[in-house]
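Data block below; observations after.
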Amino acid sequence: MSLRAHIPNAITSLNLLCGVVGVVFALGGRPDLAFCLMLAAGLFDFCDGLAARLLNAHSPIGGELDSMADMVSFGVLPSIMLYACMRDLGCAPLLCFIPLLLAVFSGIRLAKFNVDERQHTSFLGLPTPSSAIICGSLAAFCHACPGSGLAGICGQWFVIPLLTVVLCALLVSEVPMFSFKTDRSGASLFQNMKRTAILCVSAIIIIIVIVLGLHWTIVPLAIISSYVIENLLFAVFGAK
């Protein structure tokens with residue numbers, strides 16, 4: 001096997017490494033660094049697939065390694081970050097373990113995705129990276145701005161456990177979630193409208209954060225939350 005064939009797997013391994021080191025930082029009281037590593041893992045997760053397509057270097061082991069890396073970076077890491085966040089906010093010790101359920105449901109989500117032929121250009125259920133970014137950005141923001149109203153809300157004993165239950169349900173649900181991937185036939189006009197809408201919302205969020213001088217970690221939290229809400233609205237009102 002040529003060296004070129006190993007490049008995508010090497011990139012996937014960097015995704016896995018970011019997830020493992022992120023767990024260390026999360027448990028060490030540095031959710032800010034853990035979140036940066038989560039974002040880096042997301043970048044490597046995007047690049048490994050891109051490299052595999054460009055180099056025509058797809059392999060069975062690559063697919064398995066990708067799922068394992070995603071399980072750590074987008075399943076275990078965000079659950080640990082929420083656990084540490086609740087611990088640092090002074091929540092009851094037993095309640096702090098509830099966010100660890102995210103790792104379990106993320107594993108189920110990844111296993112379903114691997115065998116579901118319907119999810120090539122869109123998703124059924126919340127993608128694990130989206131769930132992870134919500135958790136990671138929330139934990140990082142609460143760490144950076146402990147006196148903020150959001151941190152105060154998250155300090156309530158039921159808030160993060162409730163968020164955990166909602167995310168777990170979304171991960172294994174059949175709710176249609178659009179992606180930015182397209183097949184050769186292209187996307188429908190309605191799909192393009194949904195993508196354009198979230199891009200416009202993202203731009204507005206970034207402008208508001210800059211103008212108000214808010215901490216940057218609120219940006220991914222707001223954008224991914226908007227993505228989830230938009231998909232739920234389309235699902236509820238029967239938009240196809």
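The values are calculated or read from the model by the stated rules, or taken from the named source; none is laboratory data. Quick caveat: nothing in here was measured; it's all calculated off a predicted structure. Don't worry about glycine lacking a Cβ; one is built from the backbone with ideal geometry, like all the others, and counts go over all protein chains shown.
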| Taking segment 1-60, which residues are farther than 21 Å from residue 137 by Cβ and touching a residue at least 60 places away in the same chain (Cβ under 8 Å)? | none
| query | Which one is surrounded by the fewest Cβ atoms within 10 Å (Cβ to Cβ), of the residues in segment 133-142 that are of a type outside the set (Ser, Thr, Tyr) and under 13 Å from residue 227 (Cβ atoms)? | reply | 133
| query | Of all residues in segment 50-88, how many are buried (at least 22 other Cβ atoms within 10 Å of the Cβ), over 14 Å from the mean Cα position of the chain (by Cα) and farther than 21 Å from residue 146 by Cβ? | reply | 1
| remark: Going through segment 73-117 in order, the residues found to be of a type in the set (Lys, Arg) and either more than 20 Å from residue 46 (Cα to Cα) or modelled with pLDDT of 90 or more (or both) are 87, 109
| query | Which of the residues spanning segment 102-135 are part of a helix (DSSP H, G or I) and either farther than 30 Å from residue 146 by Cα or among the basic types (Lys, Arg) (or both)? | reply | 107, 108, 109, 110, 111, 112, 113, 114, 115
| message | So if I check each of 133, 160, which one is out of contact with any Asp or Glu (no Cβ under 9 Å at 6 or more places or on another chain) and under 25 Å from residue 15 (Cα atoms)? | response | 133
| Yes/no for residue 32 being over 30 Å from residue 85 (Cα atoms) and of a type in the set (D, E, K, R) | no
| Only one of 29, 62, 19 is in a helix (DSSP H, G or I) and under 22 Å from residue 220 (Cβ atoms); which? | 19
| What number of residues in segment 85-103 are touching a Cys at 6+ places or on another chain (Cβ under 8 Å) and within 22 Å of residue 170 (Cβ to Cβ)? | 5
| request: Would you be able to say whether some residue in segment 89-101 is under 14 Å from the mean Cα position of the chain (by Cα), in a helix (DSSP H, G or I) and over 20 Å from residue 216 (Cβ atoms)? | output: no
| note | Note on segment 1-32: residues within 17 Å of residue 79 (Cβ to Cβ) and either basic (Lys, Arg) or surrounded by fewer than 19 Cβ atoms within 10 Å (Cβ to Cβ) (or both) are 20, 21, 24, 27, 28, 29, 30
